[in-house]
Amino acid sequence: AQSVAQPEDQVNVAEGNPLTVKCTYSVSGNPYLFWYVQYPNRGLQFLLKYITGDNLVKGSYGFEAEFNKSQTSFHLKKPSALVSDSALYFCAGGSIKAAGNKLTFGGGTRVLVKP
Amino acid sequence: EPEVTQTPSHQVTQMGQEVILRCVPISNHLYFYWYRQILGQKVEFLVSFYNNEISEKSEIFDDQFSVERPDGSNFTLKIRSTKLEDSAMYFCASKGTSTDTQYFGPGTRLTVL
């Protein structure tokens, strides 16, 4: 069975400081991994993904994530956080070979960026 | 930019009633999904649908649940006899054939009283 974990329920960071949101995964076979962001009363908005290729992937709004196979991690990063980055972030993963390509989600991490 | 839409945004129903949640996927997408998120819990996979049939379903998706693509644009989730524990946010997602990315709608909040 596949699983995704986000060890931090909340991350607090000052505006302008680097932001890291952690994610680890357990997926059989080759994983594909995603980050989604959820603003209040909104749906899940796609940020970035890793399928194959470069371990460092860049996404929307200045976010990037690094795939680390040996540590089974896919941490989300942003060099300089903005107050508007305050939201709920979800890591999700699946197996490339799985029929239906269902996603398994982590529990979410609430990011609070303080001015 | 194309997006997935869902109606209604909020549905309140009495226990035992049937509800139908509606989704309009992105127009050229062929893979469709339903997920749900009980308040304070993880987003959970319910079902995936491709080529007019279910590809995969979770243990949550029992006989009380069904999905349908009644026409070329809508994708629906029906719960035949709602229970209190069905109260959740239900997300629809769709995916094209040339991408691995699932795009999510804004969700329908279902409240069962």
Do you know which of the residues in the stretch B:90-113 that are more than 15 Å from B:Val4 (Cα to Cα) and within 13 Å of the chain's Cα centre (by Cα) is nearest to the other protein chains (Cβ to nearest Cβ)?
B:Arg109
List every residue pair whose Cβ atoms sit under 7 Å apart, with the two residues 6 or more apart in sequence or on different chains, where the first one lies in the stretch A:17-42 and is of a type in the set (S, T, N, Q) and the second, anywhere, is in a loop (DSSP other than H, G, I, E, B) and surrounded by 13 or more Cβ atoms within 10 Å (Cβ to Cβ).
A:Asn17/A:Ala81; A:Thr24/A:Thr72; A:Ser26/A:Gln2; A:Ser26/A:Thr72; A:Ser28/A:Gln2; A:Asn30/A:Ile96
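Looking at A:Val111, A:Val83 in this structure, which one is modelled with pLDDT of 95 or more and more than 15 Å from the chain's Cα centre (by Cα)?
A:Val83
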Being touching a strand residue (DSSP E or B) at 6+ places or on another chain (Cβ under 6 Å), crowded, with 18+ Cβ neighbours inside 10 Å, farther than 15 Å from A:Leu103 by Cβ and not charged (D, E, K, R) narrows it down to one residue among B:Ile79, B:Ile38; which is it?
B:Ile79
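The values are calculated or read from the model by the stated rules, or taken from the named source; none is laboratory data. Remember, it's a predicted structure, so these values are computed and weren't measured experimentally. Virtual Cβ from ideal backbone geometry, glycine too; neighbours counted across all protein chains shown.
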